[in-house]
Amino acid sequence: MMLLLLVAALILGLSRAAIDMVSTKKIDPNTPDMITQRGVLERFDVAGLKRSELIASEVRHFRAEDTLLFNQPRLVQTDPGKPVMTVTGVRGKSIFKASQIWFYDQVELRRAPFGTQAELIIHSHDVFLNQATHQASSDAPVVADMGPHHAEAVGFVADNSAQTLLLKSKVKMTYVPTARAALVGTATQ
């Protein structure tokens, strides 16, 4: 009986020592507290409808500023009344509970055809995407193609809500006008 009490006391003492060692260990907020292979982050509106989905081959979460790091991220935004926008990158970082995402390295942004507008394809790097305002921007060199039109510039702001693309500087552009001559010819006959 005495031996049993001694073993129980020893187990209790070791258990408390282990708990004290774990609880006094400082946690570094700059080391990942979660690492996953193939992560999916979905955002829903107040009605419960999915508005965006981000899929990555690897996701790391850091306590510092509630940050997520993504490898091979692919973000698809689906908002009613707006064309689907897909952003594909090599690496990315989300901040402010994933309301804003920074895609660094090479990035491809595709806005699906919408109304009478052709698909818009943008290639750049260091693209910052604000999911609340539906704007993507960068100060890096950019190449944009929409149907037969081609543009190159340094820096851009693409606004999916307003359906605009602002090219910031050093703009070179090839614009192919619509076939208005055929329309004018039939109107005068």
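Nothing in this text is a laboratory measurement; each read-out follows from the coordinates by a stated rule. None of the values given here were measured: they were computed from a predicted structure. Quick reminder, even Gly has a Cβ in these numbers, built from the backbone with ideal geometry, and neighbours come from all protein chains shown.
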Alpha-carbon spread of the range 32-174, three principal axes, descending order, Å: 49, 33, 21
Taking the Cβ of Pro73 as the centre, find all other residues whose Cβ is under 10 Å away and add up their charges (Lys, Arg: +1; Asp, Glu: -1). +2
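With an 8 Å cut-off on Cα pairs and a minimum separation of 6 or more residues, tell me the relative contact order of the range 32-174 in percent.
Reported as a whole number, the value is 13 percent.
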Counting Lys and Arg as +1 and Asp and Glu as -1 over every other residue whose Cβ sits under 12 Å from the Cβ of Ile35, the net charge comes to 0
Using each residue's phi in the range 37-43, evaluate 6.51 cos²θ - 1.76 cosθ + 1.60 at θ = phi - 60° and report the 3J(HN,Hα) Karplus result to the nearest Hz, with x for Gly and Pro. 8, 6, x, 10, 10, 10, 10
